[in-house]
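Remarks on the structure that follows.
The values are calculated or read from the model by the stated rules, or taken from the named source; none is laboratory data. Since the structure is predicted, the reported quantities are computational estimates derived from the model, not experimental observations. Every residue, glycine among them, receives a Cβ derived from its backbone with ideal geometry; neighbour counts consider all protein chains shown. Note: accessible area is taken over every heavy atom of the protein model, side chains too, but ligands, DNA and RNA are not part of it. Shrake-Rupley method; radii C 1.70, N 1.55, O 1.52, S 1.80 Å.
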Amino acid sequence: MSASKRAILVTSALPYANGPLHLGHMVEYVQTDIWVRFQKLRGHRCIYVCAADAHGTPIMLRARELGMDPEDLVTRVSAEHQSDFAEFQVEFDNYHSTHSSENRDFARLIFTRLRDAGHIVNRTITQSYDPEQKMFLPDRYVRGECPRCNTPDQYGDSCEACGATYAPGDLKNPRSAISGSTPVQKETEHYFFKLGDFSAMLEQWIDEGHLHSSVAGKLREWFADGLQDWDISRDAPYFGFRIPGEQDKYFYVWLDAPMGYMASFKNLCDRTAGLDFNDFWSPDSTAELYHFIGKDIIYFHCLFWPAVLEGSGFRKPSSVWAHGFLTVNGQKMSKSRGTFIKARTYLDHLRPEYLRYYYAAKLGPGIDDIDLNLEDFGQRVNADLVGKLVNIASRCAGFISRQHGGRLAAKLPDPELFASFCSAADEIAECYEGRDYARAMRRIMALADTANQYIAEQAPWKLAKQEGQQSAVQGICTQGLNLFRCLVIYLQPVLPKLAADVDAFLQTPATCWNDAGQALLDHEIADYVPLLKRLEKSDIDKVVAASKEDLEDKAMQESDDAKWIDIDQFKQIELRVARIKKAEAVEGADKLLKLSLDLGDSERTVFAGIKSAYTPAQLEGKLTVVVSNLKPRQMRFGMSEGMVLAAGPGGKDIFLLSPDAGAQPGMLVS
């Protein structure tokens with residue numbers, strides 16, 4: 001590895017700002033943070049930026065559901081995310097938002113450059129449209145029966161039961177997931193990015209080794225079918241940036257979201273002297289640019305994004321590194337089993353170091369899924385971090401404090417052993433560089449075994465009882481604490497808080513990777529304070545229980561919410577004047593009257609429970625008010641096509657709602 005100082009810009013995928021982070025999310029941010037901390041420890045200029053992914057239909061609808069402006073929702077959720085990241089010791093150099101002036105400027109600039117270069121075309125398409133909400137529906141907001149296996153309640157683009165993919169128009173009995181209405185097919189004009197214009201460039205870029213081999217292999221499969229044009233626009237209503245020159249067309253969230261990397265970095269440059277945006281993003285930049293992502297967004301980051309950058313005059317990534325998904329106890333995360341664990345729920349009960357280390361012990365450079373086995377999690381943390389690592393310090397520190405005034409010996413009794421630990425630095429650094437953290441952890445823990453074996457063989461606790469052996473005890477414990485410090489420096493990218501605590505204990509900061517090779521001799525240390533405690537099964541059980549409680553609380557909240565409608569739902573109720581043409585008793589019914597209603601342009605049959613207060617003769621010819629857009633309901637005595645409005649305590653005291661004088665059938669009541 002070159003010893004020269006590198007300029008590196010690193011990003012993680014932007015978390016979507018419509019809900020809390022969970023432990024699956026944290027895989028990526030911990031993985032990225034470890035790599036960045038390693039580069040900084042090596043002395044390189046490594047900058048880590050991220051941002052809230054703030055646009056799109058889901059955020060617009062979630063904000064509407066909560067009665068908030070989308071901007072306020074994004075601000076709130078972003079603050080929660082940043083708090084979770086900070087407690088998990090994920091340290092960004094800048095955290096911004098895609099709903100920012102910088103990102104708007106990049107979206108307009110890049111779109112204009114692509115359009116002017118002929119890489120964007122207009123095309124009329126047909127999409128599902130919700131006639132009640134008056135909006136086009138993303139595929140995931142159309143539900144219905146799978147056209148192949150007939151499984152109900154499937155998404156508009158794929159079936160979770162049989163795996164079929166299809167267009168929303170192919171669904172049987174489709175409905176809008178927003179309003180429940182039946183979507184109609186409606187034409188609209190959209191903007192498309194001509195991805196195929198960049199096929200040759202992308203194939204060359206992939207062949208140059210910018211991606212892991214498994215990712216490159218997957219991408220080549222898509223080239224076989226030809227790269228399709230990419231729809232980069234959405235119709236109003238939509239929360240995002242309006243396309244220049246348009247009134248009701250917006251940039252699709254997946255177009256401006258990756259630009260958030262640029263926007264966040266630009267925001268940092270504008271506030272940091274000596275940091276130039278063009279040094280990192282111009283086509284001739286010699287800086288390194290790396291994106292850490294999940295394997296589910298490879299298509300966007302490894303095809304669309306490099307093509308968009310190439311077409312708009314910016315540099316492409318040096319590499320895009322994808323990771324796999326997280327399973328818990330060998331299965332997909334489950335709310336009912338308590339294994340869908342929010343980041344905040346974990347932090348309420350357990351130290352972040354435990355999970356950071358466990359993830360590191362599982363992560364390699366590929367895209368294999370990793371499993372958080374909760375039993376293994378506890379055992380590995382206790383065996384490695386407590387039983388091996390901090391055990392070295394706890395076995396040695398007391399002798400230095402009690403018998404030698406907290407001062408280390410002036411020389412090491414076994415310098416060759418210390419040298420063997422130092423010589424592992426390059427191998428471990430190579431593992432970090434290649435994101436093979438699991439291999440690095442194995443090597444470090446093998447060294448910890450060696451250190452513990454040395455201490456066990458020397459048995460300072462026995463020598464301390466013998467006359468004239470105090471100098472030997474001091475030397476052995478000085479040796480052990482230097483081996484311990486070396487290991488902690490190697491683990492500093494993974495366990496930054498523990499490393500800081502060790503710096504305080506040893507009363508010297510480890511500021512660079514090479515500090516691992518510098519022995520602490522004739523140096524005063526502080527009294528030892530336990531650095532980590534054992535992870536008890538009861539602690540893990542509390543996290544699982546709390547996750548189940550989250551589900552129960554949500555179910556109770558949803559049950560409570562079901563009692564209420566919001567103002568937008570209330571506005572959807574359509575009240576019309578109706579004349580009662582005919583009223584008649586219903587055979588076999590004690591309370592019902594059958595009403596034939598004239599609404600001016602149509603007639604309805606409604607069953608009303610008002611028999612105790614009115615005779616049919618009292619009602620015929622009178623005006624009343626009916627809920628005219630209530631879905632027809634099949635009753636035992638026939639189909640009821642609405643509801644007449646009445647009030648009162650019951651019995652003879654039921655009063656039909658009557659409209660103002662002069663009202664006519666069919667008139668709206670406001």
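Just a few scattered comments:
- Some residue of the stretch 260-283 being crowded, with 16+ Cβ neighbours inside 10 Å and over 22 Å from residue 100 (Cβ atoms): no
- Residue in the stretch 59-74 that is under 17 Å from residue 257 (Cβ atoms), among the small types (Gly, Ala, Ser) and open to solvent by less than 10 Å² (accessible area, probe 1.4 Å) present: no
- Residue match in the stretch 571-585 (condition: open to solvent by 40 Å² or more (accessible area, probe 1.4 Å), more than 30 Å from residue 618 (Cα to Cα) and at pLDDT 65 or above): yes
- Residue 201, sole failed condition from (1) open to solvent by 50 Å² or more (accessible area, probe 1.4 Å); (2) more than 27 Å from the chain's Cα centre (by Cα): (1)
- Candidate set from the stretch 284-306 (those that are under 21 Å from residue 113 (Cβ atoms) and assigned to a loop (DSSP other than H, G, I, E, B)); member that is most open to solvent (accessible area, probe 1.4 Å): 284
- Just one of the listed residues (351, 271) is under 19 Å from residue 51 (Cα atoms) and among the charged types (D, E, K, R), namely 271.
- Residue list for the stretch 403-443, filter: assigned to a helix (DSSP H, G or I) and aliphatic (A, V, I, L, M): 417, 419, 425, 428, 429, 438, 440, 441
- The criterion of at least 3 residues that are at pLDDT 95 or above and over 20 Å from the mean Cα position of the chain (by Cα) is met, among strands (runs of 3 or more DSSP E) falling completely within the stretch 1-111, by 7-12, 45-52.
- Cβ-Cβ under 9 Å pairs, at least 6 apart or on other chains, the stretch 185-197 side under 16 Å from residue 120 (Cβ atoms), far side open to solvent by 60 Å² or more (accessible area, probe 1.4 Å) and in a helix (DSSP H, G or I): 191/115
- Tally of residues being in contact with a Leu (Cβ under 7 Å, 6 or more places away or on another chain) and not hydrophobic (A, V, I, L, M, F, W, C) across the stretch 436-453: 1
- All positions within the stretch 224-263 that are charged (D, E, K, R) and not in a loop (DSSP other than H, G, I, E, B): 231, 234, 235, 242, 249, 256
- Residues within the stretch 411-452 that are closer than 14 Å to residue 389 by Cα and acidic (Asp, Glu), tallied: 1
- The set of residues in the stretch 376-403 being touching a residue at least 40 places away in the same chain (Cβ under 8 Å) and under 22 Å from residue 23 (Cα atoms) consists of 377, 378, 381, 382, 384, 385.
- Which listed residue is among the hydrophobic types (A, V, I, L, M, F, W, C) and modelled with pLDDT under 85, from 608, 589, 617: 589
- One residue from 148, 140, 220 being in contact with a Phe, Trp or Tyr (Cβ under 6 Å, 6 or more places away or on another chain) and among the charged types (D, E, K, R): 140
- Only residues that are touching a helix residue (DSSP H, G or I) at 6+ places or on another chain (Cβ under 7 Å) and not in a helix (DSSP H, G or I) were counted across the stretch 194-223, and they come to 1.
- Looking at the stretch 120-190, the strands (runs of 3 or more DSSP E) lying wholly inside it that each contain 3 or more residues that are open to solvent by 50 Å² or more (accessible area, probe 1.4 Å) and within 16 Å of residue 231 (Cα to Cα) sit at 120-130.
- When residue 86 is tested against (1) under 24 Å from residue 353 (Cα atoms); (2) crowded, with 16+ Cβ neighbours inside 10 Å, exactly one condition is not met: (2).
- Inspection of the stretch 332-346 identifies at least one residue that is of a type in the set (A, V, I, L, M), in contact with a helix residue (DSSP H, G or I) (Cβ under 8 Å, 6 or more places away or on another chain) and assigned to a helix (DSSP H, G or I).
- The residues of the stretch 595-611 that are in contact with a Leu (Cβ under 8 Å, 6 or more places away or on another chain) and not basic (Lys, Arg), listed by number, are 595, 603, 605, 606, 607, 608, 609, 610.
- Of the residues making up the stretch 307-321, those that are open to solvent by 10 Å² or more (accessible area, probe 1.4 Å), of a type in the set (A, V, I, L, M, F, W, C) and assigned to a strand (DSSP E or B) number 1.
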